[in-house]
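These notes concern the structure reproduced below.
Coordinate-derived values only; no laboratory data. Since the model is a prediction, treat every value here as computed from it, not as a measurement. Heads up, the Cβs are rebuilt from the backbone with ideal geometry, glycines too, and the neighbour counts pull from every protein chain shown.
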Amino acid sequence: DYVKQEVVISDTSSSKKATLTWAKELLPAHAHFIGGNPIVHPGGVGYEHASAGLFRNRLYCLTPSPSANEEAVQLMVGILAMIGAEPFFLDAAEHDGLTAALEDLPTLLSVALLQTVSEQHSWRELRKLAGNNFEQVSSGAVGDPDSLKDSFLQNNQTLVRWLDAYMLHLRELRNLIMAGEESSEQLAQAVDKAIVTRLNWLADYQKGRFTDPELVSPEVERTGFINQMIGLGAFRKRKADTPKNKKS
């Protein structure tokens, strides 16, 4: 057999449902597969951005497969402790539902932004004026197109719900801008709320501790993983929610 008995196997991909499916199909029954996804932002791509403290005080998502026993899970938890990371247990469907908002959605926003400006007759002049803001917001449109496409389609229903929620907010902002001075206070409040939200998130991220332990996602599918992890005492309760449907 090409895999030793009781071996523990993990990965670091951002798509957990697909990875667990492949593990079930390709790995022998005696292998303990535990999906992993480290939440780190090294500030760049490549070995030159590596550091000994890359994982320190960072969440490391774990999505054990049904074949992974308690000993295998505890082994992974011990490895994370050695590198200073904090284990964060999620169901594979829940993980992918959350990351759809944080990885796939920003990538699509970058694609839409580039389509919007590059298809204008003024793009020849626009591109000369593009600066830091444009570079940051468009930075999601990088990588292999086929891989990005596959990521969008693997979690398409949840991603569409996030897109709907985002477009709802865009419509609200559009209406406030269209109304002019009479809605200036509401517009300022919306911008201020976004700025404060980002500053609070950034402060929590830099500390490695989040003041709000609850994660919110739109209609995330739940499976039997919750019951499995309660027995290990390692699962943290979270609630799933749907972005509010507001009328513009």
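Around the amide H of Ile9, modelled in the peptide plane, lie the amide H atoms of His32, Phe33, Ile34, all under 5 Å away and 5 or more residues distant in sequence or on another chain.
May I ask you to list the GluC sites (Glu not before Pro) in the stretch 113-202 that are in a DSSP loop and have at most 12 other Cβ atoms within 10 Å of their Cβ?
Numbers: sites: Glu119, Glu125, Glu135, Glu172, Glu181, Glu182, Glu185; in loops: Glu119.
Sites meeting the loop and neighbour criteria: Glu119.
Going by average Cβ density within 10 Å per residue, which order do the peptides 3-9, 193-199, 60-66, 102-108 take, highest to lowest?
Details: 3-9: 12.1, 193-199: 10.3, 60-66: 22.0, 102-108: 17.7.
Order by mean packing, descending: 60-66, 102-108, 3-9, 193-199.
Loop-located trypsin sites (Lys or Arg not before Pro) across the stretch 39-130 with a Cβ neighbour count of 14 or fewer within 10 Å are Arg56, with loop assigned by DSSP.
Quick check on the exposure proxy: order Phe152, Phe33, Phe210 from fewest to most C-beta atoms within 10 angstrom.
Numbers: Phe152 17, Phe33 24, Phe210 14.
The most exposed by this proxy come first: Phe210, Phe152, Phe33.
When the square roots of the Cα gyration tensor eigenvalues are ordered a ≥ b ≥ c, the ratio a/c for the stretch 35-134 is 1.5 or more and a/b does not exceed b/c, which makes its shape oblate. With unit charges on the beta carbons (Lys and Arg positive, Asp and Glu negative) and the dipole taken about the Cα centre of the stretch 1-101, which residue among Tyr60, Ala72, Ala23 sits farthest to the positive side? The listed residue farthest towards the positive side: Tyr60.
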